[in-house]
1. Of the residues that make up segment 258-276, is at least one in contact (Cβ under 8 Å) with a residue 40 or more places away in the chain, charged (D, E, K, R), surrounded by 18 or more Cβ atoms within 10 Å (Cβ to Cβ) and over 25 Å from S33 (Cα atoms)?
2. Please indicate, with yes or no, whether at least one residue in segment 65-80 is in a strand (DSSP E or B), touching a strand residue (DSSP E or B) at 6+ places or on another chain (Cβ under 9 Å) and either of a type in the set (V, I, T) or farther than 18 Å from S169 by Cα (or both).
3. List the pairs whose first member sits in segment 40-65 and is more than 16 Å from C206 (Cα to Cα) and touching a residue at least 40 places away in the same chain (Cβ under 8 Å), whose second member is of a type in the set (G, A, S) and buried (at least 19 other Cβ atoms within 10 Å of the Cβ), and whose Cβ atoms are under 6 Å apart, counting only residues at least 6 apart or on separate chains?
4. Which residues, counting only those in segment 219-234, are in contact (Cβ under 8 Å) with a residue 12 or more places away in the chain and either farther than 21 Å from F185 by Cβ or of a type in the set (A, V, I, L, M, F, W, C) (or both)?
5. Do we have L87 as within 17 Å of the chain's Cα centre (by Cα), under 30 Å from Y325 (Cβ atoms), outside any helix (DSSP H, G or I) and not charged (D, E, K, R) here?
6. Here is a list: A170, A163, A183. Which entry is among the small types (G, A, S), in a loop (DSSP other than H, G, I, E, B) and in contact (Cβ under 8 Å) with a residue 12 or more places away in the chain?
7. Across segment 304-350, what is the total count of residues that are of a type outside the set (A, V, I, L, M, F, W, C), surrounded by fewer than 23 Cβ atoms within 10 Å (Cβ to Cβ) and assigned to a helix (DSSP H, G or I)?
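Read the figures in this text as sums done on the coordinates, not as results from a lab. Here the structure is a predicted model, which means the values were calculated and not measured. Glycine also receives a Cβ, built like all others from the backbone with ideal geometry; neighbour counts cover every protein chain displayed.
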Amino acid sequence: MKKIYFTPGPSELYFTVEDHIKTALKKGVPSISHRSSQFKSIYSETVEGIRQLLNLPENYYIGFTSSANEVWERILQNLVVNKSTHLVNGAFSNKFYEFATLMGKDATKIEADYGQCIDPKTVSLDPDTELLAITHNETSSGANQTLDDIKSLREMYPDQLLALDVVSSAPSYPIDYSMVDTAYFSVQKCFGLPAGLGVWIYNDRCLEKNSQIQKTNSTGTYHRLSHLHEMGLKNQNPETPNVLGIYLLGEVVKDMLRKGQETIWRETQYKSSLLYHNLENHSLFTPFVKKKEWRSNTTLVFECKNPSEVIEKLSEKNMIIGKGYGKYADSQIRIANFPTHSKEQVELLVDILLSLN
């Protein structure tokens, strides 16, 4: 029996990916020139598909990188001269802050306890803050900063650039990207693809800021924002990119558009509710995020008695879930709920978990 991966990334491949890989091999996609008209067509279709799926405004653009981690570095190089502020509520939002300190920025973090989120009312930015970094869905802790919170922060700080980590939430939430100036994700989570491709969304305000910075500061080399943007307008990358990854992303995005955005959002909510409702009263499991409005719908984290034993029992049933992150590896489990996970698969997972004691 085929294993089903409920790990929070890499995770289960989207159910159409195998066929798309076969088609790509037949078409010779992995071998085509990244300067060819065939690749330009692939690039254009993928970008347009993402724009439609995420409902991006007109003045927002898309660039491809190696990972979401790379985007952290590119944002700091290209959009920040001195000062950034980071809302931290877990390991990955903290890593972005650490990147900023390693790059010599005057970085500040406003930190919530692990498993909680930041109350916008407690956020007070220094006037010379250039960028506010927010993580929508903290994959390590399962804490989700609400979209209303993000909207409030935008209204509070209209002059700062807002960067939003949507690594484990796009396209599973109805995010209004006009609330932020730049956002980013990698493809091995909600998009159900092999790792090795990052997607960077940015708007005209980012380009204007970058243009100002370039007058006096280096903003990097081949992946500086101005060069990525210039090449992107030609449906190309500055370097030889992950051509197969871009092709597969474009095909999966088409599949998701056919399924429908609202269907994806609705099914994500249904599957999440099913897991929380059935497990929060189980003797072995307790939702780690106590405040319900802060609980992630896509990366669900539970405190667990004997997590290694639970993981092993599920593995025997070909259900693969994740450990807790970092120091929580021996006390928590993490369950991914991505678009590729069908309602039937989640229902089966719940049945097995409920049978454990």
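1. Scanning segment 258-276 turns up at least one residue that is in contact (Cβ under 8 Å) with a residue 40 or more places away in the chain, charged (D, E, K, R), surrounded by 18 or more Cβ atoms within 10 Å (Cβ to Cβ) and over 25 Å from S33 (Cα atoms).
2. yes
3. E45/G250; T46/G250; G49/G250; T65/G198
4. Listed by number, the residues that qualify are T219, Y222, L225, S226, L228, K234.
5. Criteria met by L87.
6. Just a single option satisfies the conditions, and that option is A170.
7. Summing the residues that are of a type outside the set (A, V, I, L, M, F, W, C), surrounded by fewer than 23 Cβ atoms within 10 Å (Cβ to Cβ) and assigned to a helix (DSSP H, G or I) in segment 304-350 gives 13.
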